[in-house]
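Let me begin by presenting the structure, written as structure tokens, before commenting on it.
Read-outs throughout are calculated quantities, based only on the coordinates presented, and are distinct from any laboratory measurement. Since the model is a prediction, treat every value here as computed from it, not as a measurement. Reconstructed Cβ throughout: ideal geometry from the backbone, glycine too, with neighbour counts over all protein chains shown.
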Amino acid sequence: KGGVPATRGLRETLSLLCASPSPCPIEGIIFSDINAAKGYIQEYGVGAPFAKLPWGAKYAYEGTIAQHIERFSLSSLIVDDTMDSIKSIDWVLFAPHGIRSYFAKPFYTEQGLHAILILASLRPGSFGADAETRFASLMGPFERLIGAWRKG
């Protein structure tokens with residue numbers, strides 16, 4: 001999924017979402033493409049902190065945000081400070097890129113969890129308990145983007 005032509009549109013549209021006005025500073029966005037049945041996820045990051053993250057970087061599903069969200073049936077996940085985290089993915093994916101806090105919103109189909117939108121900040125504590133409401137305006141465009149990308 002996500003051949004070269006569709007990937008260009010994915011990067012550009014994620015970049016537009018990252019640059020859109022928001023209730024708190026968002027320095028980066030990651031789209032996590034979930035392939036739990038195959039045992040991996042792929043990360044597509046935009047924004048300055050993720051400039052060196054390989055496009056479509058693969059990580060084992062075990063220990064990821066996706067697994068955590070599924071295991072605990074979370075509607076979203078907020079990490080206030082990656083430096084205080086015990087999750088290995090925070091030390092592999094976020095801390096090395098200077099990300100101190102993030103908000104992760106899962107997206108489901110009939111088959112289960114298929115995508116996560118991660119909004120990232122260089123400052124700790126950027127996302128409060130109301131993050132899901134504050135960032136609701138990004139959810140529809142993200143869901144449409146991923147739907148179009150999967151069809152492409």
Exercise. Are there any strands (runs of 3 or more DSSP E) wholly within the stretch 9-121 with 2 or more residues that are farther than 20 Å from THR133 by Cβ, and if so which?
Worked result: 28-35, 40-46, 57-60, 112-121
Exercise. Is it true that some residue in the stretch 118-138 is surrounded by 15 or more Cβ atoms within 10 Å (Cβ to Cβ), out of contact with any helix residue (DSSP H, G or I) (no Cβ under 9 Å at 6 or more places or on another chain), over 16 Å from PRO49 (Cα atoms) and without any contact (Cβ under 8 Å) to a residue 60 or more places away in the chain?
Worked result: yes
